[in-house]
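Before any comments, here is the structure.
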Amino acid sequence: MTKLLLLSPNSSDLKEKLPSATILEMKRFPDDEDYIRIPVDVKGKEVLFIHRCYPEQNKSLIQLFLTLDALKRQGAEKISAIVPYFPYARQDKIFMQGEALSSETISKLTKEAGCSELITFDCHYIKKAGEFEYAGLKIKNISLSNEILSYFKTKAKNPIVISPDEGARYLVEKEKGAKVAQKIRGEYNNNGDQLYRGVASMKADFNVLNKDVIIIDDMISTGTTMIKAVNVCKEGKANKIYCGAAHGLFLLNALENLKKAGAEEIVASDTIKSPVSKISITNKLKEFL
Ligand code: R5P
């Protein structure tokens, strides 16, 4: 089947490394609703559509659904959506009666809109690399842990590799001597309409004395988790502390706060564009093109 690579305008920075890609036509109506048009013939073809869904998750998800549906209508044979950071993946459990199960809803809608397969990176609710099915959606989950670790290993001396919680264990488990800290989540805040659950404490039963440390997580959002992990390593008198994550959201001044906490360097991939997006997803993507 002929493959065709389609790039959303919000991912056109990847065009340089993926020169064969066609850019999707996307415009806005005066009321800010999105207009989508597939500018090439996709009938009978396998289409890989790269579209970032962060920031502006709600808007970009609508753009994703409209594009998938338009591709289906135009007769594409197989449609793989490449969404580097898949949003709404963190509410993957019902914690309180009556809550929406966002991860399932968004996955179902993606499938329903026409997605044959979702290709994504370090998806929060999967917590391992490989092929899965979730809420009817086929997912290829690629991990960027090797790329992040390789980046730091050129700088750190004999490092000890750490994940800040159980959920991120899969990112470090292949590393010799890797350690997993135990994170205890706090209660939800009760502060207006912004919902946030901090980190109550972090236990680390391992020795980092005079060692370089690489801490790796799937994402740095407010930075609370990573800062706690840096603090724990500082208390243990670690030498240099490097922090890496696949997805760098860096909310609430997280990048500055991490530096202030004592991180030697912070790095993320370009699933989300940030000032420290030094790991490119394009090499991994080329394996599918
Ligand atoms: C949680 O389970 C995740 O793996 C991350 O540790 C978490 O989402 C990071 O969020 P924050 O930066 O707000 O602590």
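Nothing in this text is a laboratory measurement; each read-out follows from the coordinates by a stated rule. Owing to the predicted nature of the structure, the values given are computational and were not obtained by experimental measurement. No Cβ is skipped: glycine too gets one built from the backbone with ideal geometry, and neighbour counts run over all protein chains shown.
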The stretch 111-151 - residue that is touching a residue at least 60 places away in the same chain (Cβ under 8 Å) and among the hydroxyl-bearing types (Ser, Thr, Tyr) and, of those, surrounded by the most Cβ atoms within 10 Å (Cβ to Cβ)
SER145
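Which count do you get for residues in the stretch 62-87 that are closer than 18 Å to LEU118 by Cβ and more than 15 Å from the chain's Cα centre (by Cα)? Please lay out each step first, then the result.
First, pick out the residues of the stretch 62-87 that are closer than 18 Å to LEU118 by Cβ: 62-72, 76-87.
Within this subset, residues satisfying the condition of being more than 15 Å from the chain's Cα centre (by Cα) are 62-72, 76-80.
Residues meeting the conditions: 16.
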Mind counting the residues in the stretch 116-153 that are farther than 16 Å from LYS78 by Cβ, among the hydroxyl-bearing types (Ser, Thr, Tyr) and in contact with a Ser or Thr (Cβ under 8 Å, 6 or more places away or on another chain)?
2
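Filter the stretch 230-242 down to the residues that are out of contact with any Phe, Trp or Tyr (no Cβ under 9 Å at 6 or more places or on another chain) and under 20 Å from LEU149 (Cβ atoms) and list them by number.
Selection gives VAL230, VAL232, CYS233, ALA238, ASN239, LYS240, ILE241.
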Is the stretch 147-162 home to any residue that is more than 15 Å from CYS233 (Cβ to Cβ), within 15 Å of the ligand (Cβ to nearest atom), part of a loop (DSSP other than H, G, I, E, B) and within 19 Å of the chain's Cα centre (by Cα)?
no
